[in-house]
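Structure first, then comments.
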Amino acid sequence: MTDKKQIIVMMGGQGVGKGTFSRMLCEHHDFKYIETGALLRAAPSDSEIAQTISAGNLVPDKLTFNLMREQITGDHDIILDGFPRTISQAQWLVENYAKKYRIHILYLNVPEDILIQRINKRIREGSRRRDDASPDIIRRRLDTFRTKTIPAIEWLRTAQNIKFHDIDANGDVNDNFAEIVSALQS
């Protein structure tokens, strides 16, 4: 029996460090890194995707599923950063890929006030992301995380055929990374 490739799913609010920890993991293993937000932000500014993101809203599932189908291939271990974000997306991922891949969900758990501090730091350091453009958009994104993504995380917590890891990501980056590596080895 051949060993299945793996999908590591980075989940958590905006500013939690999904991209940072994904890059750190890629330094230690040959992952295909799929940063869903970057793929979506690369859409032309007049597209439905760009207008949806600029308003701080989630891209419709149909468009997101098509994008994911194109990106998830069986020849690499994969890190997903920014997908899934809703219960329907979480269910789609498990239904379509749990039998083909070993799926690890890494929920990087940080309180909202810390997320806001991290986003503000990212802005001060020169972020030009459209989704960091204003306090109203940031607030809407955090509200969307609370109302849409937290229920998906809770659903994944008990989903079959995957491993769920709740990571306290409040501390030092290196300590948090060590906890992530430990979780993936369990």
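Where a number appears in this text, it was derived from the coordinates with a stated rule and is not lab data. Keep in mind the model is a prediction, meaning the values are calculated, not measured. Note that each Cβ is placed from the backbone with ideal geometry, even for glycine, and that neighbours are counted across all protein chains shown.
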Taking amide H positions as placed in the peptide plane 1.01 Å from N, state which residues far from I8 in sequence (5 or more) or on other chains have amide H under 5 Å from it. I78, I79, L80, H104
Separation between the N170 and D3 pseudo-spin-labels, each 7 Å from Cα along Cα→Cβ, expressed in nm? 3.5
Viscosity 0.890 mPa s, temperature 25 °C, Stokes-Einstein D of the chain from Kirkwood C-alpha radius, µm²/s: 146
Taking every pair of alpha-carbon atoms in segment 29-136, what share in percent sits in each 5 Å bin, from 0 to the bin with the longest distance? 2, 9, 18, 21, 20, 16, 10, 3, 0
I need two numbers for segment 104-186: Rg to one decimal and Dmax as a whole number, Cα atoms only, in Å. 14.7, 41
Alpha-carbon Rg/Rh ratio, for segment 84-127, with Rh computed the Kirkwood way: 1.19
Translational diffusion coefficient, Stokes-Einstein: compute it for segment 1-57 using the Kirkwood radius over C-alpha pairs as Rh, at 4 °C and 1.567 mPa s, and state it as an integer in µm² s⁻¹. 96
Of the lysine pairs in segment 5-185, how many meet both conditions: Cα atoms under 21 Å apart, and a spacing of 8 or more in sequence or different chains? 16
FRET efficiency (I150, I114; Cβ distance; R0 22 Å; to 0.05) is 0.90
What are the residues whose amide H is under 5 Å from the amide H of Q14, where those residues sit 5 or more places off or on another chain and H is modelled from the backbone? none
Once the piece of chain linking A38 and R23 is laid out straight, how much longer is it, given 0.36 nm per residue of separation minus the C-alpha distance between them? 4.0 nm
What helices does the chain hold that run 24 Å or longer along their axis, going by alpha-carbon atoms, with a Kyte-Doolittle average of 1.0 or more, using DSSP H for the helix calls? none
